[in-house]
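First comes the structure, then the notes that go with it.
The values are calculated or read from the model by the stated rules, or taken from the named source; none is laboratory data. Because the structure is a prediction, the values reported are computed rather than measured. Heads up, the Cβs are rebuilt from the backbone with ideal geometry, glycines too, and the neighbour counts pull from every protein chain shown.
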Amino acid sequence: MTELPFDNSTRFAGKRVHLGICGSIACYRAADLLRAWRKLNIHVSATITESAQRFVSPMLFKSLGAMPVYESMFAPDEDVFAHLEPGQHAHAMVVAPTSADTLARLAHGNASDMLAAQALAFDGPLIIAPAMNPRMWDNSAVKANVAVLRERGAHIVAPGHGEAACGDTGFGRMADLPEIFLAVLRALSPQDMKGRKALVTAGPTREPWDGFRYWSNPSSGLMGASLAVCAFLRGAEVTALCGPINVTGALFLPDEVRRCAVESAREMFDAAQTLWPRMDMGIFAAAVADFSPQSIGQKKFKKSESPEGFTLAFHPNPDILETLAHSRKSEQKVLGFAAETVSTMQELLPMAAAKLKRKKADVLAANRVNEPAAGFCAPTNSVAVVDSRGREEIWPMQSKADVAWDLCSWLSQF
Ligand code: PMT
């Protein structure tokens, strides 16, 4: 299974999701969703409609850890109140894939099969991921049903564009798994950042010195992307200002996160300055080049042009975090990082405190970039965190998703 963002978080353990699966060629993809939620120690129960059972066996979902798995309303050994059970115990319900038929049942409050009855008796967050032929998706009856469900608060993870199994092309394919996966995690997350606009910087910058080559650093963008996803999960409206990173797999950003791609420190600075006045908080995780080389031209510099070697002059770049934090309105909150090379975590605390003060941040997380399991490129991180109220802690090594989660908790208290 492909890597998904946040699929190594421990913050959702013990939650329960009820997964409905309808008859569609996309049924088999629900198995990957189930595995991804199980990896987070989320308890998953499932209902497989009779049509879905023509495509996949309930045994597949049982084997992957779903419990219980409901197959029909009147199965001989089914509890008489099984149609009420998910409504009593699950924290979120997701129907993926949702067929046109189930969409209609849900929109009209029809309880004629187990899944529709369970949905009717469920008053928590409902996530719907439709999958059908593009002409069916385009039909006004389907559009009306979707509108009714949206209006009632269901979250529709809209289908994507592409070629359907029948050969027709258009919108109708079930949305990408990370979109559905994250929509459910969002429904399980506290909404302590709801209504707030967050700017997150992520990744490295590239500083060109000829037309094709550049000076940079090994930042993968994972720490920044984890913070962007985390702020999104907790209800913020997020703009991710990314240096050159490949936003797939663990670095995936959902459609609802606005992404601005830049290359150089100067471009990141200019974009951040433009965006900042509309923001409620800034999270600065990018590894911005402190210096840029003087460019020596737009074409490829040839070895023959300087066989003895050559020297480049470097000029300093503006500090994005420092500039924005110094010019902020009092209600704008700021979280920064510090990349340090030291031998112990203890040494990080005074460095973090000094940087927090100098850059005027509210919260600052310092990481040891000379520790292979932390800092650049690692899936994990260990940080020393300080805030402007004098709080300081050293956190153990954990996934970047969990570091992001705890940093958002600190920031949302300001
Ligand atoms: O991307 P990953 O592979 O996941 O790696 C994560 C990380 C190591 C890049 C991340 O955890 C991290 O430490 N980011 C900050 C790196 C850095 O530039 O640290 P610094 O100590 O040089 O800068 C301090 C702060 O000022 C940072 O918040 C930085 O974003 C900001 N800064 C620095 C220079 C500059 N010109 N503009 C800035 O905004």
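Residues considered: Ser72, Ser112, Ser57. Of these, the only one that is over 25 Å from Glu179 (Cα atoms), without any contact (Cβ under 8 Å) to a residue 12 or more places away in the chain and among the polar types (S, T, N, Q) is Ser112. Set side by side, the residues Ser304, Ser343, Ser330 differ, and just one is exposed (fewer than 14 other Cβ atoms within 10 Å of the Cβ), assigned by TED's automatic domain parsing to the domain that holds Asp210, modelled with pLDDT under 95 and over 19 Å from Ala240 (Cα atoms), which is Ser330. Of the listed requirements (1) within 16 Å of the ligand (Cβ to nearest atom); (2) out of contact with any Lys or Arg (no Cβ under 8 Å at 6 or more places or on another chain), Ala187 misses just one: (1).
crowded, with 21+ Cβ neighbours inside 10 Å, touching a residue at least 24 places away in the same chain (Cβ under 8 Å) and not assigned by TED's automatic domain parsing to the domain that holds Arg38: is that true of Thr98 in this structure?
no
Restricting attention to region 373-401, and to residues there that are part of a loop (DSSP other than H, G, I, E, B), more than 11 Å from the ligand (Cβ to nearest atom) and within 24 Å of the chain's Cα centre (by Cα), which single residue is nearest to Lys333 (Cα to Cα)?
The selected residue is Trp395.
Just so you know, in region 362-372 the residues that are part of a loop (DSSP other than H, G, I, E, B) and more than 8 Å from the ligand (Cβ to nearest atom) include one that is surrounded by the fewest Cβ atoms within 10 Å (Cβ to Cβ), and it is Pro372. On inspection, Lys303 fails the criterion of being more than 18 Å from Ser226 (Cβ to Cβ), within 16 Å of the ligand (Cβ to nearest atom) and more than 27 Å from the chain's Cα centre (by Cα). Taking first residues from region 259-284 that are closer than 19 Å to Ser330 by Cβ and within 12 Å of the ligand (Cβ to nearest atom) and partners that are of a type in the set (S, T, N, Q) and in a helix (DSSP H, G or I), no Cβ contact under 6 Å between residues at least 6 apart in sequence or on separate chains turns up. State which residue is farthest from Gln273 (Cα to Cα) when the search covers only region 290-332 and only residues that are in contact with a Pro (Cβ under 8 Å, 6 or more places away or on another chain) and of a type in the set (A, V, I, L, M). So the residue we want is Leu312. Just one of the numbered conditions (1) more than 21 Å from the chain's Cα centre (by Cα); (2) buried (at least 16 other Cβ atoms within 10 Å of the Cβ); (3) within 14 Å of the ligand (Cβ to nearest atom) is not true of Phe314: (2). Yes or no: region 258-281 includes at least one residue that is on the phi > 0 side of the Ramachandran plot and in a helix (DSSP H, G or I). So far as region 258-281 goes, no, none of its residues is on the phi > 0 side of the Ramachandran plot and in a helix (DSSP H, G or I).
If I go through region 211-235 residue by residue, how many of them are within 15 Å of the ligand (Cβ to nearest atom) and either over 25 Å from His155 (Cβ atoms) or surrounded by fewer than 21 Cβ atoms within 10 Å (Cβ to Cβ) (or both)?
Number satisfying all stated conditions: 10.
Name the single residue, out of those in region 23-67 being β-branched (Val, Ile, Thr) and surrounded by fewer than 23 Cβ atoms within 10 Å (Cβ to Cβ), that is nearest to Ala164 (Cα to Cα).
Ile25
The condition of being aliphatic (A, V, I, L, M), more than 12 Å from the ligand (Cβ to nearest atom) and assigned to a strand (DSSP E or B) holds for only one of Val334, Val238, Val247, that being Val238. Applying the set (1) within 22 Å of Asn8 (Cβ to Cβ); (2) free of Cβ contacts under 8 Å to residues at least 12 places away in the same chain; (3) of a type in the set (S, T, N, Q) to Ser220 leaves exactly one unmet item: (2).
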